[in-house]
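Take a look at the structure set out below.
Just so you know, all these numbers are worked out from the coordinates, no wet-lab data involved. If you're wondering where the values come from, they're calculated on a predicted model, not measured in any experiment. As a convention, Cβ positions derive from the backbone with ideal geometry for all residues, glycine included, and neighbour counts pool all protein chains shown.
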Amino acid sequence: MDASEKLDAAAKPPLKVLLAAPRGFCAGVVRAIDAVEQALKLYGAPVYVRHEIVHNKYVVEDLKRKGAVFVEELDEVPDTAAPVIFSAHGVPKAVPDEAAARKLFAIDATCPLVTKVHREAQVHFRKGRHILLIGHQGHPEVVGTIGQLPDGAFTLIETAAEARAVMPRDPENLAYVTQTTLSLDDTAEMVAILRERFPALCEPHKEDICYATTNRQEAVKAIAPKVDALVVVGAPNSSNSQRLREAAERAGCARAVLVQRAAEIDWTMFSGIASLGVTAGASAPEVLVEEIIDAFAERFAVTVETVTSTEEDVFFPLPRALRPDAAE
């Protein structure tokens, strides 16, 4: 470091960055992105993708450049032999049915942990139970889960107040499932209310909130009380990213913000800080975390410490049609 660099560093206020681990991509997101890239490799462009493969603009734009074509509904896909991939969030049963009727080459990249919820709901339905679905109205995962069964099979519950108010026709014949990307604390509150009101309530064999959502929220809770501000790297339509911001606020960090890219940072929110937490939602790539830290390093003398709450080694294989011998 020459004299001018030393002077520049000395002029910057010090900033300790606590980097949450685990953060960023989960196994389901890696599988979904790899599915699109492998389809492009095996079958060439275009590859059609129904809905954003994951909720991250950077990832979607990168895949577009490689030849992926994103659509919201199958009627936007021409009659083609090209692969049509369903996103990690899952789709209503009507979507693969339509694809089959049109003889499209459909590949399901639904996260296996979302598929687990679908199967649980189907079992409850076959046993004659009404299903309480804890989740967010309109989220693609919730739309996909509700679409697994006939109308009326589910009652959606979004809040503790709704859990207190719901009046099912047969309280002795109920089950619940949840969206996989919810707040641990909010969900626990709603489940506790439902358990108290409906003692016969059937529960998942293993909780539906996925390991990655759980681990990222716990990692944020570990660092949030120790920092002056916290940045969650993620998209505003990403449920798990929004829950990370909320978890940080609840854990004692008043200045918690969600940003997609460094260009979105409102620097007035970070004046006078000496410590910063950084994490990323399950659909945010590590390159964007590095971009955010680099942006702070332009304004502060940054030191980075990784705070690890747990190790992750979960892996999901690609859909069968995309495994290496599929095109042979």
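Against the chain, whose longest principal axis comes from its Cα atoms, helix 184-197 is set at around 40 degrees. Return the FRET efficiency for the residue pair Thr306, Asp79: r is the Cβ-Cβ distance, R0 is 41 Å, and the value is rounded to the nearest 0.05. Efficiency, from the Cβ-Cβ distance: 0.25. For segment 150-201, trypsin sites (Lys or Arg not before Pro) meeting the loop criterion (DSSP other than H, G, I, E, B) and having at most 14 other Cβ atoms within 10 Å: Arg169. Remark: for residue pairs Lys93/Lys116; Lys41/Lys93; Lys116/Lys226; Lys206/Lys226; Lys41/Lys103, the C-alpha separation exceeds 25 Å in Lys41/Lys93; Lys116/Lys226; Lys206/Lys226. Helix 239-250 and the longest principal axis of the C-alpha atoms of the chain enclose an angle of approximately 50°. Taking the alpha carbon gyration tensor of segment 81-137, multiplying each eigenvalue by 5 and rooting it gives semi-axes of 25, 13, 9 Å, largest first.
Oblate is the label for segment 113-197, because the ratio a/c of its alpha-carbon gyration tensor axes (a ≥ b ≥ c) is 1.5 or higher and a/b is not greater than b/c. Neighbours of Val77 by Cβ distance under 11 Å: Lys/Arg scored +1, Asp/Glu scored -1, total -4.
The gain in end-to-end length when the Ala263 to His205 segment is fully stretched comes to 16.5 nm, 0.36 nm per residue minus the alpha carbon separation.
Cα centroid distance between segment 38-86 and segment 277-313, in Å? One Cα centre to the other: 29 Å. The local environment of Pro225, defined by Cβ-Cβ distances under 12 Å, has a net charge of +1 under the rule Lys, Arg +1 and Asp, Glu -1.
Quick check: from the Cα gyration tensor, does segment 25-102 come out rounded (a/c under 1.5), prolate or oblate? Taking the square roots of the gyration eigenvalues as a ≥ b ≥ c, segment 25-102 is oblate.
Packing, taken as the mean count of other beta carbons within 10 Å per residue, orders the peptides 294-306, 212-224 from highest to lowest as 212-224, 294-306. Rounded to the nearest 20, the size of the Cβ-charge dipole of the chain about its Cα centre is 480 debye, with Lys and Arg at +1 and Asp and Glu at -1.
Here the dipole of segment 113-197 is about 400 debye; that uses its Cα centre as origin and unit charges on the Cβ of Lys and Arg (positive) and Asp and Glu (negative). Charge dipole of segment 68-121 (Cα centre as origin; +1 on each Lys and Arg Cβ, -1 on each Asp and Glu Cβ, all else neutral): 300 debye, rounded to the nearest 20.
Using only alpha-carbon positions in segment 215-257, the gyration tensor eigenvalues give semi-axes of 16, 11, 7 Å once each is multiplied by 5 and square-rooted (largest first). Would you tally the net charge around Gly90, using a Cβ to Cβ cut-off of less than 12 Å, leaving Gly90 out, and scoring K and R as +1, D and E as -1? Combined, the nearby Lys, Arg, Asp and Glu give +2. With contacts taken as Cα pairs under 8 Å and at least 6 residues apart, the chain reaches a relative contact order of 26 percent. Is the C-alpha gyration tensor of segment 189-302 telling us rounded, prolate or oblate? Criteria: a/c under 1.5 is rounded; beyond that, a/b larger than b/c is prolate, otherwise oblate. It comes out prolate by the Cα gyration axes. Between the helical axis of 286-297 and the longest alpha-carbon principal axis of the chain there is an angle of about 30 degrees.
Principal axis extents of the Cα atoms in the chain, from largest to smallest and rounded to whole angstrom, are 73, 55, 31.
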